[in-house]
1. Considering the stretch 65-91 alone, what residues qualify as being open to solvent by less than 10 Å² (accessible area, probe 1.4 Å) and in contact with a helix residue (DSSP H, G or I) (Cβ under 9 Å, 6 or more places away or on another chain)?
2. In this structure, does Q363 turn out to be under 30 Å from V7 (Cα atoms), outside any strand (DSSP E or B), more than 18 Å from the chain's Cα centre (by Cα) and in contact (Cβ under 8 Å) with a residue 40 or more places away in the chain?
3. Since T413 meets every condition but one in (1) among the β-branched types (V, I, T); (2) open to solvent by less than 50 Å² (accessible area, probe 1.4 Å); (3) out of contact with any Phe, Trp or Tyr (no Cβ under 6 Å at 6 or more places or on another chain), which condition does it not meet?
4. Take the conditions out of contact with any strand residue (DSSP E or B) (no Cβ under 8 Å at 6 or more places or on another chain) and open to solvent by 10 Å² or more (accessible area, probe 1.4 Å) and apply them to A329. Does it pass?
5. I'd like to verify a number: residues in the stretch 500-517 that are in contact with a strand residue (DSSP E or B) (Cβ under 6 Å, 6 or more places away or on another chain) and surrounded by fewer than 18 Cβ atoms within 10 Å (Cβ to Cβ), how many?
6. Within the set of pairs 6+ apart or on separate chains, which have a first residue in the stretch 684-695 that is at negative phi and at pLDDT 95 or above, a second that is part of a loop (DSSP other than H, G, I, E, B) and of a type in the set (V, I, T), and C-beta atoms under 8 Å apart?
7. Limited to the stretch 144-172, what total is found for residues that are part of a strand (DSSP E or B) and surrounded by 22 or more Cβ atoms within 10 Å (Cβ to Cβ)?
8. Could you tell me whether V618 is part of a strand (DSSP E or B) and out of contact with any helix residue (DSSP H, G or I) (no Cβ under 6 Å at 6 or more places or on another chain)?
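The values are calculated or read from the model by the stated rules, or taken from the named source; none is laboratory data. Please read all numbers here as calculations on a predicted model, not as lab measurements. No Cβ is skipped: glycine too gets one built from the backbone with ideal geometry, and neighbour counts run over all protein chains shown. Ligands, DNA and RNA are stripped out before the accessible areas are found, and what is left, the full protein with its side chains, is counted by its heavy atoms. Shrake-Rupley method; radii C 1.70, N 1.55, O 1.52, S 1.80 Å.
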Amino acid sequence: MKTQARVVVIGGGLVGCSILYHLTKMGWSDVVLLERSELTAGSTWHAAANIHGLHDNNNITRLQYYTMRLYAELEQETGQGCGIFRTGSLYLARTVEREHQLRIQAAKARYFGFEFHELTRQEAQDKHPLVNFDDIRCIMFEPDGGSVDPSGVTHAYARGARMRGAEIHRHTPVLETRARADGSWDVVTDKGTIHAEVVVNAAGLWAREVGRMAGIELPLIPMEHQYFVTEAIPELAAIGHRLPSVADRDGEYYLRQEGHGLLVGAYERDGRFWAEKGTPLDFGHELLPDDLDRITDNVMRACERVPALAEAGIRRVINGPMIWSPDSAALFGPVPELRNYYCCNGIIPGFSQSGGLGSLLAQWIVEGETELDLFAWDLARFGLWADKKFTKARALDCYAHRFKIHFPYEERTAGRPVRTRPAHAYQKSLGAVFGLNYGWEHPLFFTGSDDGFEESYGYERQNSFAHVARECQTLRQAAGVLDISNFARYEIRGPGAGDWLDRVVANRVPRETGRTCLTPLLGLRGGIAGDFTITQLDQDHYLMLGSGMAERYHQRFFQQVPLPPAVRFRSMTDSMCGFSLAGPKAREVLQSLTDEDVSNTAFPFLRSRRLRVAGMDVIALRVSFTGDLGWELHTDERNQLALYQALLQAGRPYGACPVGSRALLSLRLEKGYGSWGREYSPEYWPQETGLARLIKLDKPEFLGREAYLALRDKAPRWQLVMLAVDTQQADASGGEPIFTLDGQAAGQVSSGAYGHSVGASLAMGFIRSEFLDGRTDFELSILGRPHRAHLLPEPLFDAAGQCLRA
């Protein structure tokens, strides 16, 4: 075994072998995989190995289709069979909402150029004569769906990696991972130590144990999962073709042909954790005791759908562990607190995602950044707040509702609350309906009283619509108070603080006390990695505000610029809170609470001041994400409740009300403001998002500068646009495809909501530049059906910015 390598991958399951293979495809042959037992040990070998393409997240859809198509290439390249059965998959909808979901997916498939189309009942019956379609209202068919052989695929990845120079060592458990001062690692095994530039934790069921060797705790928990294979079914054996798999999500099971029998699996409501304290080191190719009684209800629904199943005997039962994250998505990417340490863990639909995961992680390691925005998989979406209690509660909820539709804006309650602020109870008494943002409870909207209101969810407008409308209209006509405590806050202080910030962000940092700037943060490829508000509080003293859910994500960028010894950088997110006071009456409300002059002359737009507001010390910034006249008021957390009550009480004579984040979404769209994670993403260039004007190339150094120089003169591939949509019952929410009127794929929606103060359904999105040729109308798919969308030349609210600067 060699003693040095560029990369050591820990874990010889499906995903570890994919990462190794893709590293070699990118030209890195000095890579080693260490497997404690045999390849496929753990979860890989016993997987049902179904494959499907479409996902609610568009980028994950891209990667799943890449994975599905990769398997045939692997077979040709390596000579190792992958056991590919492309029988196609039938997707069934029993309910209106499921039909909406399938039609939405069909529209996305059309946009991406993938096959996913509706069948008549007779066409579906011809493909699968054993299925009872009596209560089905919509049937879709995915021709590329099917299954693969778990062992075959894993060994194909391994063989492909070896063919390009990689080494694989079986029966070589990792005992320690020790970080060196230069950021490299010593990986200690019972066969020797490898000095590696990079370590990848792809240890599957043992990811927690391997993570602890490096001093990190990963939010993962194993759970049992069962499926069974029947004996031969005569009716099936008599059919002259292999049957498509059946995705009857409303029935909460999956079903496909296996030999002349059927394979049936289920995610039961009464799930079981396994190995909570740690995965046994001697576990490998074992199974757990079966308990089919737990999935009886699911199986009975499968028998109703396929009556021949009810008469079949059971040939074998598979009960094996799978390891889950709190949202059932991968924990993917570099660990911000460590150098050169990557994870790829917690993958549930592994055989649909293995190629995409391996390809993008290899790209991140080799090139420093992925070409696609994968925050939905980024392990930085969780912080230390995602403890074992939260992880267990969320994982069980994800398992039990594996096939439940996750509607736009849906907030699931499992494991909550995790973190609350002092105003939480008071907000609840005002009828606040809360959402989860990086562990924090924050108000989505207010009903007026704590009367047990339960929010409904669906693809069409729901019972929150009227409440959000009232908040939007009140703020536009009078004033509103929004809790923005879930924003990230950073204090940068000390001699050279401004110089350090100037080397991080792309805009010129203020050098005068009270001045404020808005600035993008650029990624390695020149895209938008973040957007921040920075104000100078005093000489060499700054407050920076950004996306709260991206705080851990942004650590990676801040760490790329060495901090001078005299400069202190610290997060104030936990210790500070904030409110946005906005609307045409906001000045009167604020003036009633302070002796300081807050007139436009004394306190103009994009300025900040320290104020005493209702007797409390506040940092006030003259900015507003609503697009209206407003201030952000930031204070110590201990003042939150008192400041909130004071603002609402002072606002009452002016007609002000508490406002939640759903209203903020609507208000920012009326103004045409983008948001990080929606419009602002590393995938898009500054000139595509309208942020190029905030990049100051007269600064000699800042993150992403060279990348931006290389692309600034290129014509934008996309343009961020605003659309007004002709729709009556549902609004865009993000991810919907945009087509030209003659059916060409033109772009996709990034954000959408109803603009309550302008009386229009609005969407922001990216349209390819070649289609912005003077045409004004497009077709936007809502509920999977075409809706006319009109290009807006300017925002519908205060296009000239007069309210903001009043």
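1. Initial filter on the stretch 65-91 (open to solvent by less than 10 Å² (accessible area, probe 1.4 Å)): 65, 67-68, 70-71, 74, 82, 88-90.
Listed by number, the residues that qualify are Y65, T67, M68, L70, Y71, L74, C82, G88, L90.
2. Details: under 30 Å from V7 (Cα atoms): yes; outside any strand (DSSP E or B): yes; more than 18 Å from the chain's Cα centre (by Cα): yes; in contact (Cβ under 8 Å) with a residue 40 or more places away in the chain: yes.
The answer is yes for Q363.
3. Tallying (1) among the β-branched types (V, I, T); (2) open to solvent by less than 50 Å² (accessible area, probe 1.4 Å); (3) out of contact with any Phe, Trp or Tyr (no Cβ under 6 Å at 6 or more places or on another chain), T413 fails exactly one: (2).
4. Values: out of contact with any strand residue (DSSP E or B) (no Cβ under 8 Å at 6 or more places or on another chain): yes; open to solvent by 10 Å² or more (accessible area, probe 1.4 Å): yes.
Spelling it out, A329 is indeed out of contact with any strand residue (DSSP E or B) (no Cβ under 8 Å at 6 or more places or on another chain) and open to solvent by 10 Å² or more (accessible area, probe 1.4 Å).
5. 2
6. P686/I695
7. First, pick out the residues of the stretch 144-172 that are part of a strand (DSSP E or B): 146-147, 167-169.
Retained after the next criterion (residues that are surrounded by 22 or more Cβ atoms within 10 Å (Cβ to Cβ)): 146-147.
Qualifying residue count for the region: 2.
8. yes
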